[in-house]
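A.B. asks: Below are the structure tokens for one structure; questions will follow.
Quick note: the coordinates plus some simple rules give every number you see, no bench work behind them. For clarity, every value in this text was computed on a predicted model and none was experimentally measured. A quick note on method: Cβ atoms are made from the backbone with ideal geometry, for glycine too, and the neighbour counts reach across all protein chains shown.
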Amino acid sequence: MKILVTVSEVAEADDEFEIDGLSIDDRYLTYDLNEWDDYAIEEAVQISESHDDVEVVTVTVGPERAEETIRQGLAKGADRAVRVWDDKLDDVELVDSATKARLLAGVAREEDPDLVLSGVQTADMAFGSTGVALASELGYEWGAVVNQLDLEDDVASVHRELEGGVEELTEVELPAVLTIQTGINEPRYASLRGIRQAQSKPLDVKSPADLGVELDQSVLSLTSLEEPETESDVDLFEGSADDTAEELATLLREKGVEA
Amino acid sequence: MSDVLAVTEHRRGDLRDESFELITAGRELADGSDGDLHLAVISGDVDDFADELNREGVDAIHTVDRGEEFNHDIYRQVTEQLADEIDAQYIVAPHSVNGLDYAPAVAQTLGYPLVTDIVDADAEGGLSVTRELYNGKTEADVEVDSERAFVTVRPGEWDATEGDGSATVEAFDAAIDEEQVRSTVTGFEEVGAGDVDISEAEVLVSVGRGIEEEDNLDIIFDLAEALDATVSSSRPIVDNGWLPQDRQVGQSGKKVTPEVYIAVGISGAVQHVAGMKGAETIIAINNDPSAPIYDIADYGIVDDLFDVVPALTEQFE
Ligand SMILES: Cc1cc2nc3c(=O)[nH]c(=O)nc-3n(C[C@H](O)[C@H](O)[C@H](O)COP(=O)(O)OP(=O)(O)OC[C@H]3O[C@@H](n4cnc5c(N)ncnc54)[C@H](O)[C@@H]3O)c2cc1C
Ligand SMILES: Nc1ncnc2c1ncn2[C@@H]1O[C@H](COP(=O)(O)O)[C@@H](O)[C@H]1O
């Protein structure tokens, strides 16, 4: 059995940052493995550990910089990785999920996996749509926001986490794409041995052309990027921790809070 | 081609609030493009639902009486066929867990660009939408370079419609291909109740990932004890197994409306805020001044929680 895990690198903005035109100035961004994909990798690796003959392959649409993130997945137990990129994507401010799905599908067609695990969403762009778009592109079945997964032959029995503490129990025919929710497992930390091994695991780089995918003009373009205006005029207490704590204590007492 | 199709949502016999907000958002888009607003009501008690949804601003309601609960393969096929039938320019659905389970598939097959989780839209002379980027730290206007589009709208951003409507209600004869129904919903499960009901608490001390380690939770419980408050949390604390699931505030946890909500080391992600924005007074302790929690907080201390929390506890001892 083969499991393909879609792994995204995400950007996090520093506490203080500056916007340069239509993006956050790169100096204030830190790149890391997307939290949801960390859980997806863990789920795939756990399946490979509890079943015979399971290969775990990761796929990332990202620039060379993303290889550090990709190696994290390999260090945690994925067998090999594919990275897809075209410099044309550098100029796209917001790559829509349809484009990502078409590129990921190019790799999926070559790999022909039984199961694809994605994250529910990327922390930075938060479309929450790439996994299901990929399923549609491939003609696979799917399930979104999965927080429990059991595999039986050709069916995945999943719990989909709905709103308000309700879970939906669903049987999904394979092959399928499942988008993994945080909390489904406990992602491991890479061991030193894992990190060393990751350096020699295969990481193939492909262009859209290699996959037979043509990149169209981006349908989404940003016209502005701003820090949102604060809706509630927040009252900030300033000074040393002792001073601010005292001010807050006074406020809380006014509100009737007291043990 | 200027009509809008809005796909409503229900669960276990009840329409969800998002469905009524969707009418407002859909009407806005329809006005922008000078078109009609059509609603799709799929599965469940469709006639009752159609009755309830017949509000001001709706032009036509299409019902598909098939099955009780949401099934994405059915929703997908019906939405695609309806969009075709009415030649929809825009399709709208709630940015909900079920919305995420079919909208991308429909958009992909129909070739409509998809923009999710929008908080504002302007459909006059082409479509431009507003959404957050970078973990809610920035807001972007996004132009959609396409005549048609599928958008999912953030719950709580548009008011629910109130007034009565005079829409036509018609059963839509969808041709469901059973071969394409490859998933089956077999039931529901609810998160069990624990010993504390955070939704009853008047004062909540709520802890987030800023606490870093399980052992550090002690300072949170000390503060809660000093304030005679209850401890709740954001999702990562529950994901890590540090607190039971019934302490989680937010979209997938509980909705709380205490007098005072103290968010400690919580960034204020939209799914968290969905559960606590109804609190009377919101206080944030977070060392990141750009954290979105400050967009909704009434009071805040931009400082290290490991300094502020013990100092605050001391004030009450
Ligand atoms: C479908 C779905 C459903 C979800 N449901 C929920 C839900 O019900 N509830 C929920 O909470 N989340 C939910 N989430 C997750 C949500 O998107 C966020 O990931 C989560 O709320 C983040 O939790 P946090 O604020 O504790 O962590 P983070 O976002 O990591 O924030 C930690 C904060 O702590 C601050 N901090 C760090 N160190 C310190 C310090 N020393 N002193 C002071 N401040 C510090 C940081 O500045 C940061 O702002 C859901 C997500 C999805 C996709
Ligand atoms: N650039 C990318 N490369 C690989 N996988 C991605 C990429 N972007 C998104 N994904 C996958 O799709 C999921 C949802 O992302 P999004 O739809 O952008 O919120 C992520 O958790 C990843 O698993």
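A.B. asks: Rule-of-thumb check for region A:102-157: C-alpha Rg over 2.2 N^0.38 Å?
C.D. replies: So the Cα radius of gyration is 1.17 times the expected 2.2 N^0.38 Å.
A.B. asks: Quick one: work out Rg over Rh on the C-alpha atoms of region B:198-316, Rh as Kirkwood radius.
C.D. replies: Taking Rh as the inverse mean 1/r over Cα pairs, Rg/Rh reads 0.91.
A.B. asks: Using the alpha-carbon centroid of each, what span in Å lies between region A:100-157 and region B:269-317?
C.D. replies: Between the Cα centres of region A:100-157 and region B:269-317 lies a distance of 36 Å.
A.B. asks: Kindly provide the Kirkwood hydrodynamic radius of region A:1-62 in Å, to one decimal, from all pairs of distinct alpha carbon atoms.
C.D. replies: Kirkwood hydrodynamic radius for region A:1-62: 13.6 Å.
A.B. asks: Also, I was wondering about something else. Once the Cα gyration tensor of chain B is diagonalised, what are the square roots of 5 times its eigenvalues, in whole Å and ordered largest first, as equivalent ellipsoid semi-axes?
C.D. replies: Computed over chain B, the values are 41, 21, 17 Å.
A.B. asks: Compute the normalised compactness of region A:34-102: alpha-carbon radius of gyration over 2.2 N^0.38 Å, N being the residue count.
C.D. replies: 1.24
A.B. asks: Roughly what would the spin-label model give for residue B:287 and residue A:192, points 7 Å off Cα along C-beta, in nm?
C.D. replies: Roughly 2.9 nm, to one decimal.
A.B. asks: Here is a follow-up. Per residue, what volume in Å³ does the convex hull of the Cα atoms of region B:29-98 enclose?
C.D. replies: Value for region B:29-98: 95 Å³ per residue.
A.B. asks: In the structure shown, do any of A:76/B:277; A:76/B:255; A:88/B:137; A:100/B:255; A:2/A:206 have a Cα-Cα gap over 31 Å, and if so which?
C.D. replies: Violating the 31 Å limit, Cα to Cα: A:76/B:277; A:76/B:255; A:100/B:255.
A.B. asks: According to the Cα gyration tensor, what semi-axes, each the square root of 5 times an eigenvalue, does the equivalent ellipsoid of region B:3-180 have, listed from largest to smallest in whole Å?
C.D. replies: Values for region B:3-180, descending: 23, 18, 16 Å.
A.B. asks: Here's a follow-up. For the pair residue A:157/residue A:253, report the inter-label distance in nm, with labels modelled 7 Å from Cα in the Cβ direction.
C.D. replies: That separation, rounded to one decimal, is 5.8 nm.
A.B. asks: Sticking with this structure for a sec: Can you give the convex hull volume per residue for the Cα atoms of region B:231-290, as a whole number of Å³?
C.D. replies: 81
A.B. asks: Using a simple spin-label model with points 7 Å from Cα along the Cα→Cβ vector, what separation in nm is obtained for residue B:162 and residue B:34?
C.D. replies: Distance between label points: 3.1 nm.
A.B. asks: Right, here's the next one. Dipole magnitude of region B:3-180 about its Cα centre, charges +1 at Lys/Arg Cβ and -1 at Asp/Glu Cβ only, in debye to the nearest 20?
C.D. replies: 580
A.B. asks: If you don't mind, there's one more thing I want to ask. Just to be sure I understand: of the beta bridges DSSP finds with both ends in the protein assembly as shown, what percent are antiparallel, rounded to 5?
C.D. replies: Numbers: 46 of 118 bridges.
Given both bridge residues lie in the protein assembly as shown, the antiparallel proportion sits at roughly 40 percent.
A.B. asks: Continuing with this model, one more query. Of B:110, B:39, B:53, which is the most mobile in a GNM of chain B whose springs link Cα atoms less than 10 angstrom apart?
C.D. replies: Among B:110, B:39, B:53, the largest GNM mean-square fluctuation belongs to B:110.
A.B. asks: About the Cα centre of chain B, how large is the charge dipole given +1 on each Lys and Arg Cβ and -1 on each Asp and Glu Cβ? Please answer in debye to the nearest 20.
C.D. replies: Dipole of chain B, to the nearest 20 debye: 520 debye.
A.B. asks: Still on this model: What three numbers, in Å, describe the spread of the alpha carbons of chain A along their principal axes, ordered from the longest?
C.D. replies: Cα spread of chain A along its principal axes, largest to smallest: 63, 44, 38 Å.
A.B. asks: A further question follows. Between B:54, B:1, B:19, whose Cα lies farthest towards the positive end of the dipole of region B:1-62 when Lys and Arg beta carbons carry +1 and Asp and Glu beta carbons carry -1, centred on the Cα centre?
C.D. replies: B:19
A.B. asks: Be a star and scan region A:54-68 for residues whose amide nitrogen sits under 16 Å from the point 7 Å along the Cα-to-Cβ vector of residue A:80.
C.D. replies: So the set is A:54-60.
A.B. asks: State the answer as a single residue: which of A:126, A:23, A:179 lies farthest towards the positive end of the charge dipole of chain A, with beta carbon charges of +1 for Lys and Arg and -1 for Asp and Glu, about the Cα centre.
C.D. replies: In chain A, that residue is A:179.
A.B. asks: Could you give the length gained by full extension between residue B:196 and residue B:280, i.e. 0.36 nm per residue of separation minus their alpha carbon distance, to one decimal place? Walk me through the numbers before you get to the answer.
C.D. replies: On the way: separation 84, 0.36 × 84 = 30.24 nm, distance 2.05 nm.
My answer for the length gained is 28.2 nm.
A.B. asks: Just to be sure I understand: with springs between alpha-carbon atoms less than 10 Å apart, which residue in B:23, B:176, B:293 has the highest mean-square fluctuation in the Gaussian network model of chain B?
C.D. replies: Among B:23, B:176, B:293, the largest GNM mean-square fluctuation belongs to B:176.
A.B. asks: Take the Cα pairs of region B:127-174, get the Kirkwood Rh, then feed it into Stokes-Einstein at 4 °C and 1.567 mPa s and tell me D in µm²/s.
C.D. replies: Reported coefficient: 89 µm²/s.
A.B. asks: Next question, about the same structure. Any chance you could tell me what percent of the C-alpha pair distances in the protein assembly as shown go past 46 Å?
C.D. replies: Percent of Cα pairs beyond 46 Å in the protein assembly as shown: 13.
A.B. asks: With r defined as the distance between the Cβ atoms of residue B:51 and residue B:122 and R0 fixed at 41 Å, what FRET efficiency is calculated, to the nearest 0.05?
C.D. replies: After rounding, the FRET efficiency stands at 0.80.
A.B. asks: Hey, another quick one. About the Cα centre, and with charges only on the beta carbon of Lys, Arg (+1) and Asp, Glu (-1), how big is the dipole of region A:2-206? Nearest 20 debye, please. Mind dumping the intermediate values first?
C.D. replies: Values: 17 positive and 48 negative charges, 141 e Å.
Its charge dipole is roughly 680 debye.
A.B. asks: Hey, any idea what the orientation-averaged projected area of the convex hull of region A:69-214's Cα atoms comes to, in nm²? Walk me through the intermediate numbers first.
C.D. replies: Details: hull surface 39.5 nm².
Its average projected convex-hull area is 9.9 nm².
A.B. asks: State, to one decimal in nm², a quarter of the convex hull surface area for the C-alpha atoms of region B:157-248, i.e. the direction-averaged projected area.
C.D. replies: With the hull built on Cα positions only, its mean projection is 12.1 nm².
A.B. asks: Starting from 0.36 nm per residue, how many nanometres of slack lie between residue A:236 and residue A:16 once their C-alpha separation is accounted for?
C.D. replies: Working: separation 220, 0.36 × 220 = 79.20 nm, distance 1.67 nm.
Separation in residues times 0.36 nm, less the Cα-Cα distance, equals 77.5 nm.
A.B. asks: Based on DSSP, what percent of beta bridges with both residues in region A:2-206 are antiparallel, to the nearest 5?
C.D. replies: Values: 20 of 46 bridges.
Bridges in region A:2-206 are about 45 percent antiparallel.
A.B. asks: Here is a follow-up. Taking only the Cα atoms of region B:90-215, how large is their convex hull per residue, in Å³? Mind dumping the intermediate values first?
C.D. replies: Working: hull volume 33.3 nm³, N = 126.
That works out to 264 Å³ per residue.
A.B. asks: Residue by residue through region A:59-66, what is 3J(HN,Hα) from phi via Karplus (6.51 cos²θ - 1.76 cosθ + 1.60, θ = phi - 60°)? Round to whole Hz and write x for glycine and proline.
C.D. replies: 9, 9, 9, x, x, 4, 3, 5
A.B. asks: While we're here: If I histogram all Cα-Cα distances within region A:149-234 using bins 10 Å wide from 0, what percent of pairs lands in each bin?
C.D. replies: 10, 17, 22, 36, 13, 1
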